[in-house]
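> Following this message is one structure expressed as structure tokens.
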Amino acid sequence: MSVTTRFAPSPTGLLHVGNLRTALHNWLFARAAGGRFLLRLDDTDRARSTVEFADAIRADLGWMGLDWDGETRQSDRGALYEARFEELRAAGRIYPAYEDGRELDLKRKVLLGRGLPPVYDRAALRLTDAERADLEARGVRPHWRFKLDHDEPMAWDDLVRGPQSFDPRTQSDPVVRRADGSWLYMLPSVIDDIDMGVSHVVRGEDHVTNTAIQLQMFSALGGTAPRFAHEALLTGAEGKLSKRLGSLGVAHFREAGIEPEAIASLLARIGTSDPVVPTLDRAALAAGLDFARFGRAPARFDEAELAAVNARIVHQLAYEAVARRLPPGMDQAAWEAIRPNLATVAEAADWWQVVQGPVPSAVDEADRAFLAEAAATAAAINWSADPWHALTNALKGATDRKGKALFLPLRLALTGRAHGPDMAALLPLIGRERAVERLAKAGGSH
Ligand code: GLU
């Protein structure tokens with residue numbers, strides 16, 4: 001069976017981390033199967049959909065490395081929806097309804113007050129031709145409902161949740177089209193999934209009830225329903241549904257120095273029984289994606305965990321992959337020496353500044369003699385292996401200094417700062433010449 005998945009965001013806002021996860025899983029699943037991954041912009045809400053949001057969605061997917069094999073916009077497909085709508089209407093599966101919002105509210109309240117589920121009572125189906133004509137003559141324009149077949153089971157074997165079934169009698173006939181002719185989400189999505197040959201729909205479990213209803217639409221339209229995977233939603237680290245997650249998107253992650261591969265590594269595995277492995281290998285992520293291993297409990301998204309995964313991604317990044325983002329002159333050897341100490345690529349600039357200098361002079365008068373001695377020692381030690389330990393061990397033996405009194409003046413003289421990168425990693429990059437010069441200057445003896 002050839003696999004086609006789709007990611008179907010509404011361009012009414014920016015993608016958040018939950019959307020990125022859905023997009024990633026659809027992409028990984030398609031790539032693992034050698035199938036196709038499509039982008040569908042669900043822009044039937046003309047008032048809230050914008051070109052800018054659509055552009056931002058494409059840019060975010062691009063940044064994440066989620067390339068798509070085709071793109072459609074629902075706003076281009078009105079003629080197809082219209083044709084299929086007419087077929088369903090001719091077949092008696094779509095009917096006009098005339099209640100306004102207030103009437104529907106009242107019906108719901110009455111049912112709820114009697115302890116009954118607020119299912120639409122199909123009053124519109126009982127209207128006579130004369131009553132309908134009368135409503136229309138008074139200028140009441142109908143909206144349109146899809147008529148559920150109460151005898152057709154709504155059941156499927158969900159790739160995450162296992163066997164699912166709903167009783168159609170417990171569901172209202174869904175409104176598929178508004179009185180002004182605009183479309184609601186449910187029907188166009190099914191028409192598109194059929195037309196685009198979608199084989200697998202991967203989405204959040206907030207769509208489970210929609211799926212039950214959409215299954216009847218697939219069969220009413222003579223289509224084959226795709227397989228469905230409904231994933232438990234993301235929660236924040238604190239375990240509660242968090243508002244914050246809705247505001248975490250690519251802009252935030254970029255700002256925080258998070259690499260797309262860190263997001264992918266984490267989002268591919270949280271909520272599953274598999275460990276998160278920080279990897280640059282998308283094919284491995286794809287091969288390891290198994291819906292059967294997703295749990296029913298919400299997946300916890302923890303920014304601290306993301307930061308830790310990110311550091312382990314940064315440690316794997318090749319020089320070519322980051323060269324454009326490094327300070328000018330920073331070469332492969334410097335990147336490889338500094339890389340193990342970084343949490344983000346941007347931090348490399350700090351290190352490089354300290355290596356290159358100039359560094360501000362920051363010396364305590366009381367340390368001058370010690371630093372002059374350090375300069376002489378630095379000129380004499382072997383620089384080929386671990387000069388920091390060679391230098392500090394020699395000075396420990398030759399002076400009575402130890403601990404902070406030993407290390408801090410050296411750090412200040414060599415880097416101009418009291419805190420910073422690991423000196424053992426830094427000193428080989430500063431190199432003999434610059435180190436001796438900085439120490440000698442601090443020692444006041446050049
Ligand atoms: N536009 C819908 C959403 O973002 C798509 C849902 C679907 O995957 O069918 O919720």
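> If ASP158 satisfies every condition in (1) surrounded by 21 or more Cβ atoms within 10 Å (Cβ to Cβ); (2) charged (D, E, K, R); (3) within 16 Å of the ligand (Cβ to nearest atom) but one, which is the exception?
(1)
> Name the pairs: first residue in the range 5-23 and touching a residue at least 40 places away in the same chain (Cβ under 8 Å) and of a type outside the set (Ser, Thr, Tyr), second residue in a helix (DSSP H, G or I) and within 7 Å of the ligand (Cβ to nearest atom), Cβ to Cβ under 7 Å, at least 6 apart or on different chains?
These pairs meet every condition: ALA8/SER189.
> Go over the candidates LEU245, LEU187 one by one and state the one that is closer than 21 Å to ARG58 by Cα and touching a residue at least 24 places away in the same chain (Cβ under 8 Å).
After ruling out the rest, the residue left standing is LEU245.
> Which of the residues belonging to the range 178-198 are part of a loop (DSSP other than H, G, I, E, B) and either within 19 Å of ALA124 (Cβ to Cβ) or more than 14 Å from the ligand (Cβ to nearest atom) (or both)? Explain how you work it out, then say what you get.
Let us first name the residues in the range 178-198 that are part of a loop (DSSP other than H, G, I, E, B), namely 178-182, 184-185, 196-198.
If the condition is that a residue be part of a loop (DSSP other than H, G, I, E, B) and either within 19 Å of ALA124 (Cβ to Cβ) or more than 14 Å from the ligand (Cβ to nearest atom) (or both), then ARG178, ALA179, ASP180, GLY181, SER182, LEU184, GLY197 are the ones that fit.
> Please work out which residue is farthest from ALA251 (Cα to Cα), limiting yourself to the range 50-103 and to residues that are β-branched (Val, Ile, Thr) and within 28 Å of the chain's Cα centre (by Cα).
Only one residue tops the list, namely THR72.
> How many of the residues in the range 325-355 are buried (at least 19 other Cβ atoms within 10 Å of the Cβ), under 17 Å from ALA308 (Cβ atoms) and not β-branched (Val, Ile, Thr)?
Residues meeting the conditions: 2.
> Taking ARG269, is it surrounded by fewer than 17 Cβ atoms within 10 Å (Cβ to Cβ), out of contact with any Ser or Thr (no Cβ under 9 Å at 6 or more places or on another chain) and not polar (S, T, N, Q)?
no
> Another question, then. Given (1) surrounded by 12 or more Cβ atoms within 10 Å (Cβ to Cβ); (2) out of contact with any strand residue (DSSP E or B) (no Cβ under 8 Å at 6 or more places or on another chain); (3) among the basic types (Lys, Arg), identify the lone condition not met by ARG138.
(1)
> OK, next. Scan GLY101, GLY62, GLY92 and give me the residue that is surrounded by fewer than 18 Cβ atoms within 10 Å (Cβ to Cβ) and either at positive phi or touching a residue at least 60 places away in the same chain (Cβ under 8 Å) (or both).
Answer to the selection: GLY92.
> Any idea which of LEU20, LEU104, LEU24 is at pLDDT 95 or above and within 13 Å of the ligand (Cβ to nearest atom)? Give the steps one after another, and end with the answer.
Numbers: LEU104 fails: within 13 Å of the ligand (Cβ to nearest atom); LEU24 fails: within 13 Å of the ligand (Cβ to nearest atom).
After applying the criteria, what remains is LEU20.
> Where in the range 341-437 are the helices (runs of 4 or more DSSP H), entirely inside, with at least 3 residues that are farther than 29 Å from GLU255 by Cβ, in contact with a Lys or Arg (Cβ under 9 Å, 6 or more places away or on another chain) and small (Gly, Ala, Ser)?
368-380
> Still on this model: Which of the residues spanning the range 321-337 are under 25 Å from the mean Cα position of the chain (by Cα) and either at pLDDT below 95 or not aliphatic (A, V, I, L, M) (or both)?
Selection gives ARG324, ARG325.
> Being within 16 Å of the ligand (Cβ to nearest atom) and closer than 17 Å to ALA229 by Cα is the requirement here; does ALA8 meet it? So that I can check it myself, show each step before the final result.
On the way: within 16 Å of the ligand (Cβ to nearest atom): yes; closer than 17 Å to ALA229 by Cα: yes.
When the stated conditions are applied, ALA8 passes them.
> Among (1) free of Cβ contacts under 8 Å to residues at least 60 places away in the same chain; (2) away from the ligand (no atom under 15 Å from the Cβ), which single condition is VAL175 missing?
Among (1) free of Cβ contacts under 8 Å to residues at least 60 places away in the same chain; (2) away from the ligand (no atom under 15 Å from the Cβ), VAL175 violates only (1).
> Pick from the range 30-49 the residues that are within 10 Å of the ligand (Cβ to nearest atom) and not charged (D, E, K, R): which of them is surrounded by the fewest Cβ atoms within 10 Å (Cβ to Cβ)?
Looking at residues that are within 10 Å of the ligand (Cβ to nearest atom) and not charged (D, E, K, R), I get LEU41.
> Okay, next question. Looking at ALA435, ALA385, can you tell me which residue is in contact with a helix residue (DSSP H, G or I) (Cβ under 6 Å, 6 or more places away or on another chain) and among the small types (Gly, Ala, Ser)?
Result: ALA435 is the single residue among ALA435, ALA385 that is in contact with a helix residue (DSSP H, G or I) (Cβ under 6 Å, 6 or more places away or on another chain) and among the small types (Gly, Ala, Ser).
The values are calculated or read from the model by the stated rules, or taken from the named source; none is laboratory data. All values derive from a computational prediction rather than experimental measurement. Positions of Cβ are backbone-derived with ideal geometry, glycine not excepted, and every protein chain shown enters the neighbour counts.
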